[in-house]
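Heads up: the structure comes next, in structure tokens.
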Amino acid sequence: MTHFYAWLGVFLIVVTSTTGDCLLARAMKQVGDLGALRKQRGIAQTILRVLRTPSLMLGIAFMALSFFSLLFALSWGDVSMVGPASASLTFVANAFAAKLFLHERVDRRRWTAAVFVAAGVFLLAG
Amino acid sequence: MTAGKYFVLLGVAAFGAIGDTLLARGMKSFGAVAPSQIFHLLSAVLNPWVFLGIFFLLAFMSAYLSALSWADLTYVLPATAFGYVFIAVIARFLLHEHISPVRWLGIVLITAGVGFVAGGPESSSTKKTGGTESALSTAGTRP
């Protein structure tokens, strides 16, 4: 059962952090290039514009959920399993989610990168 | 892509890695927290290492959001992973820690993955615009 809860925790981390990342990415696409915005309207207006984007706040809420899922997973499983498993699976899940929900053009180059980075993170953190 | 944008991506990798390391260092000296004393975690913020870690993670968040404003998620994410490579290299050459061959292989894979993405366009929309431009110029040359 301990094993089941640890993997449930990993699953929750992957789902919540992928959702969070996609929402943050969507929010920032709506806002547009921050560098150009800052030149036009100044830093204060740029920060206000970012904070007023609803999907940004939702994204941050999902990031917080992901953090608590990590704490939950760590309370049931070893850090040497939870850390690499959740980090590497999140990279691959994000590539799928970016293609599905953000309609990013995930070409062969980016798929290869997602798999390489996921494998690398797994080996480095393991 | 301008040099400024590469600096933002470098910031994403470096600030995230430094922030995580500072948090881990702080929480080691703070000690384990039992689930029944979960609110005790709030006082961890007063630990200097944790405080500095949060400062770096705020810098990471600004750089990350800035990068997402002009680049795809699948372009920015490998940059965050490059932070792990930074930490490993710092651990090896500044702290003289041993890095196993398996970890070196991990470093090589992440670096190769980042290289793959960095060689391509940073945004799908940029690619589309490029496509439209070339289509227009082709149309323009037609008699």
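Just so it is clear, none of the values below were taken in a lab; they were calculated from the coordinates. Quick caveat, the model's predicted, so the values are computed rather than measured. Cβ placement follows ideal geometry from the backbone for every residue including glycine, while neighbour counts extend to all protein chains displayed.
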Worksheet item: In sequence order, what are the phi-derived ³J(HN,Hα) couplings for the stretch A:63-78 according to the Karplus relation 6.51 cos²θ - 1.76 cosθ + 1.60 with θ = phi - 60°, rounded to whole Hz, with x for glycine and proline?
Response: 5, 5, 4, 5, 4, 5, 4, 4, 4, 4, 4, 5, 6, 10, x, 6
Worksheet item: Once you average over the residues of B:45-52, how many Cβ atoms of partner chains fall within 10 Å of each Cβ?
Response: 0
Worksheet item: Counting partner chain Cβ atoms within 10 Å of every residue's Cβ in A:93-106, what's the average?
Response: 3
Practice prompt. Just grab the label-to-label distance for A:D78 and B:V102, each label 7 Å out from Cα along the Cβ direction, in nm (one decimal).
Written response: 1.0
Response to the item:
Measuring from its Cα centre, the stretch A:2-125 shows a charge dipole (+1 at each Lys and Arg Cβ, -1 at each Asp and Glu Cβ) which, in debye to the nearest 20, is 700
Discussion item. Let me confirm the definition first: pairs of Lys residues in the protein assembly as shown, 8 or more apart or on different chains, C-alpha distance under 16 Å. How many are there?
Written reply: 7
Discussion item. Per residue of the stretch B:58-64, what does 6.51 cos²θ - 1.76 cosθ + 1.60 with θ = phi - 60° give for ³J(HN,Hα)? Whole Hz please, x for Gly and Pro, Karplus curve as stated.
Written reply: 5, 4, 4, 4, 4, 5, 5
Item to complete: Within 10 Å, count the other beta carbons around each residue, average over each peptide in A:63-69, A:85-91, B:41-47, and list them highest first.
Response: A:85-91, A:63-69, B:41-47
Worksheet, complete the sentence: Ratio for the protein assembly as shown, C-alpha Rg to 2.2 N^0.38 Å, reads 1.07
Worksheet item: Residues of B:84-93, mean number of Cβ from any other protein chain within 10 Å of their own Cβ, rounded to a whole number?
Response: 1
Worksheet item: Debye sum, Cα scatterers, chain A, no solvent: what log₁₀ I/I(0) at q = 0.16 1/Å?
Response: -0.86
Worksheet entry | Cα gyration tensor shape for the stretch B:6-117, rounded if a/c is under 1.5, else prolate or oblate | oblate
Fill in: Whole-Hz couplings from phi, Karplus 6.51/-1.76/1.60, listed for the stretch B:70-83; x for Gly and Pro
10, 10, 5, 4, 6, 8, 7, 4, x, 5, 5, 5, 4, x
Fill in: Helical mean residue ellipticity (222 nm; -39500 (n - 2.57) per DSSP H run of 4+; nearest 500) of the protein assembly as shown
-28000 deg cm²/dmol
